[in-house]
Amino acid sequence: MAEINGAIREGNADTIRHQGHSLKGGATFGARPVCDAAEHLEDLVQSPQPDWQAITDSAHRLGELVDALLRELRQCTTASGVF
């Protein structure tokens, strides 16, 4: 998320698209909301004139979903004794 946020500050749509695509690919193991939010972010930066406020809002939402997913994964691995 740090790279996406940095790219937003720089107005770098290519980096946002790449990072969103990478995150979307990595989240397909059952984290559908993360995947959908990453895809939405990727779609937003495809516009010839990106709406940076919408991109910022979408990145914020994606970050929230990633944080929630990480919390869930930590709880699962702790409960199962994996880590």
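The values are calculated or read from the model by the stated rules, or taken from the named source; none is laboratory data. These figures come from a predicted structure and were not determined experimentally. Methodologically, a virtual Cβ is constructed for each residue, glycine included, from the backbone with ideal geometry; neighbour enumeration extends over all protein chains shown.
The table below gives the values:
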quantity: Total residues in the stretch 1-16, condition over 14 Å from the mean Cα position of the chain (by Cα) and either under 13 Å from HIS60 (Cα atoms) or loosely packed, with under 14 Cβ neighbours inside 10 Å (or both); calculated: 4
quantity: Pairs with Cβ under 7 Å, 6+ apart, first in the stretch 43-57 and surrounded by 11 or more Cβ atoms within 10 Å (Cβ to Cβ), second acidic (Asp, Glu) and in a loop (DSSP other than H, G, I, E, B); calculated: LEU44/ASP51
quantity: Count of residues meeting criterion [in a helix (DSSP H, G or I) and at pLDDT 90 or above] in the stretch 35-83; calculated: 25
